[in-house]
Amino acid sequence: MTLGAWVFLVVLGLLIWFAIATYNRLVGLSQRSGEAWSDIDVQLKRRTDLVPNLVETVKGYASHERKTFEEVTRWRNAALTAGSPGARGQAENQLTQALRSLFAVAEAYPELKANQNFQQLQSSLGEIEEAVQNARRYYNAVVRDLNTAIESFPSNFVASTCQFKKREFFELDRPAERQVPRVSFGT
């Protein structure tokens with residue numbers, strides 16, 4: 001074999017190795033982003049499972065606040081049925097707003113704030129909110145890495161050939177929602 005043939009084989013081998021390595025990296029990032037979304041989903045499910053208990057506890061003290069309870073329930077159901085990260089994020093943002101209203105109702109009832117069950121639910125919600133924030137940050141970091149790899153040269157050739165798709169970030173829609181919900185009532 002001639003030197004030109006050897007060079008051709010080496011270059012061809014390197015290109016094949018690059019394509020395989022890039023493909024495997026994209027698969028890994030895609031799997032990690034799916035896993036990260038699953039982690040967010042688990043935390044959000046924990047939160048939506050906590051909401052009925054919270055509503056029932058507050059309802060016992062503030063039964064005339066029906067509209068607030070209906071809003072919380074409606075947005076909880078919307079969050080449970082949302083499919084994409086964008087739709088889920090929007091529904092969760094609305095649920096957060098409704099929960100803020102619920103907590104505002106609870107503020108008016110000192111005996112409710114002193115209720116041990118309410119305090120436990122409040123503490124659990126605070127822990128879940130922190131876990132959601134951590135899961136959201138990790139998910140968005142993995143999605144950033146995946147989307148960057150899909151758009152970057154030369155891995156974009158492998159990504160487009162193998163039909164890798166960019167993923168949506170899990171974002172907040174309005175700047176006011178970027179603040180962490182307050183779950184402490186200063187007992």
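Miscellaneous remarks
- Potential lengthening between Leu9 and Ser84 on full extension [0.36 nm per residue; Cα-Cα distance subtracted]: 22.5 nm
- Over region 13-178, the fraction of Cα-Cα pairs per 5 Å bin, rounded to whole percents and listed from the shortest bin up, is 1, 8, 15, 17, 14, 11, 9, 7, 5, 4, 3, 2, 1, 0, 0.
- Note, ³J(HN,Hα) from phi for region 133-142, Karplus 6.51, -1.76, 1.60, rounded to Hz, x at Gly and Pro: 4, 5, 5, 5, 4, 5, 4, 5, 5, 5
- 0 to 90° range, to nearest 10: angle between helix 66-81 axis and the chain longest Cα axis: 20 degrees
- Think of each Lys and Arg Cβ as +1 and each Asp and Glu Cβ as -1; about the Cα centre, that makes the dipole of region 32-104 roughly 100 debye.
- All-pairs alpha carbon distance profile, region 84-173, 5 Å steps from 0, percent: 3, 12, 14, 17, 13, 11, 9, 7, 5, 4, 3, 2, 1
- Links that overshoot a 32 Å alpha carbon limit, given the list Lys67/Lys165; Lys67/Lys113; Lys59/Lys166: Lys67/Lys165; Lys59/Lys166
- The 3J(HN,Hα) values that the Karplus relation (6.51, -1.76, 1.60; θ = phi - 60°) gives for region 93-99 are, in residue order, 4, 5, 5, 4, 4, 5, 5 Hz. Gly and Pro appear as x.
- Mean Cα-pair separation over length for the chain, i.e. relative contact order, pairs under 8 Å, 6 or more apart, %: 31 percent
Readers should treat all values here as calculations from the given coordinates under stated rules, not as data from a laboratory. Quick caveat: nothing in here was measured; it's all calculated off a predicted structure. Positions of Cβ are generated from backbone atoms using ideal geometry, with glycine treated the same way; all protein chains shown enter the neighbour counts.
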